[in-house]
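Chemist: Following this message is one structure expressed as structure tokens.
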Amino acid sequence: MKTIRFLVLLTIIASCFSAALNAADWETYELIDKILALRGPAAPIIHEDLVVFTADSKLRRVGIAFAHENFSNVYWFRQLLVSQDRLNAPIPPGAKVPDPYIDSGIQFHVYEFPNHLKELEYRVIINGLWTIDPSVEKIRRDPVSGLTLSVLPLPLRAKKQNPLNGLPEGLNFTFRGPPGESITVAGDFNSWDPFMYELKETAPGNYSITIPMPPGAYKYVFFYRGQRYADPHNPRRVYTVDGKAASEIIVP
């Protein structure tokens, strides 16, 4: 039952993320776990290059806009629904089938911030009124516009290995997910065999494998719990002959 409930919640969050992120960014399981752990509106959550902003779901409409974008884009929050887990609850004859999802109490937006920023300056729109974020303590008055801005400091980010470049000993594939799982990688380099290359869990939830490959361009996907996933950390997205999304990597 826990597995079914997790997959249901994963599907709901994936649909909510689709308006704000690229196709596969919601596959970051650590971020999903943090959102599901919320019991109400909270201070912004920073995860790698993503920030989750939350607000009370009872508010009619909430949006957010950023100073580095000259407030030209307004991103509207989405309501988060959760499963009632009624899989075992009997429904009396003639009774109305209850809604399987309920309001979590929050609405949220996930924002991917640019690498060069050390902080986010922004304002929120709550029920049609521009204001500061009540969940953030740090504010700043803009000397040009006179507006009071919410300020969110961003952590220093370690430079990531470019997934499009090969290593001298081969290509290194990495995947992040729940610990104790079986993760494999497949592509046109092994006829899409989902069992040949299994990643090793190098740390809890971190999986990796290095595969020797000659120079060339290769398509690949990860297999996790019987499903295929493009690499969320690789922006180079292609489609196979059967129309399914895959990632592409280049060995120079």
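The values are calculated or read from the model by the stated rules, or taken from the named source; none is laboratory data. Note that the structure is a prediction, hence the values are computed from the model and not measured. Glycine also receives a Cβ, built like all others from the backbone with ideal geometry; neighbour counts cover every protein chain displayed. All accessible areas refer to the heavy atoms of the entire protein, side chains included, with ligands and DNA or RNA removed. Shrake-Rupley method; radii C 1.70, N 1.55, O 1.52, S 1.80 Å.
Yes or no, residue by residue, for (1) more than 19 Å from the chain's Cα centre (by Cα); (2) open to solvent by 70 Å² or more (accessible area, probe 1.4 Å); (3) modelled with pLDDT of 90 or more:
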residue	(1), (2), (3)
A42	no, no, yes
D56	yes, no, yes
L59	yes, no, yes
F77	no, no, yes
V82	no, no, no
L87	yes, yes, no
L152	yes, no, yes
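Chemist: For segment 172-194, name all the residues that are open to solvent by 20 Å² or more (accessible area, probe 1.4 Å) and either in a loop (DSSP other than H, G, I, E, B) or of a type in the set (A, V, I, L, M, F, W, C) (or both).
Modeler: Residues satisfying the conditions are P178, P179, G180, E181, S182, D188, F189, S191, W192, D193, P194.
Chemist: Could you grab me the full set of residues in segment 116-150 that are assigned to a strand (DSSP E or B) and crowded, with 16+ Cβ neighbours inside 10 Å? Even if it seems obvious, please write down each step before you answer.
Modeler: Filtering segment 116-150 for residues assigned to a strand (DSSP E or B) gives 119-126, 129-131, 139-141, 148-150.
Selection gives L120, E121, Y122, R123, V124, I125, I126, L149, S150.
Chemist: Hey, another quick one. Could you list all residues from segment 195-209 that are open to solvent by less than 60 Å² (accessible area, probe 1.4 Å) and over 20 Å from E48 (Cβ atoms)?
Modeler: Across segment 195-209, the qualifying residue is only I209.
Chemist: Moving on to the next point. Can R237 be described as among the charged types (D, E, K, R), under 22 Å from the mean Cα position of the chain (by Cα) and closer than 22 Å to E48 by Cα?
Modeler: yes
Chemist: Among the residues of segment 64-71, is any of a type in the set (D, E), modelled with pLDDT of 85 or more, over 14 Å from Q107 (Cβ atoms) and loosely packed, with under 15 Cβ neighbours inside 10 Å? Show your work before the answer.
Modeler: Initial filter on segment 64-71 (of a type in the set (D, E)): 69.
Then drop every residue that is not modelled with pLDDT of 85 or more, which leaves 69.
So of that shortlist, the ones also over 14 Å from Q107 (Cβ atoms) come out as 69.
Narrowing further to those that are loosely packed, with under 15 Cβ neighbours inside 10 Å: 69.
Checking segment 64-71: at least one residue is of a type in the set (D, E), modelled with pLDDT of 85 or more, over 14 Å from Q107 (Cβ atoms) and loosely packed, with under 15 Cβ neighbours inside 10 Å.
Chemist: When the residues of segment 92-115 are filtered to those that are over 20 Å from K58 (Cβ atoms) and open to solvent by 50 Å² or more (accessible area, probe 1.4 Å), which remaining residue is modelled with the lowest pLDDT?
Modeler: V97
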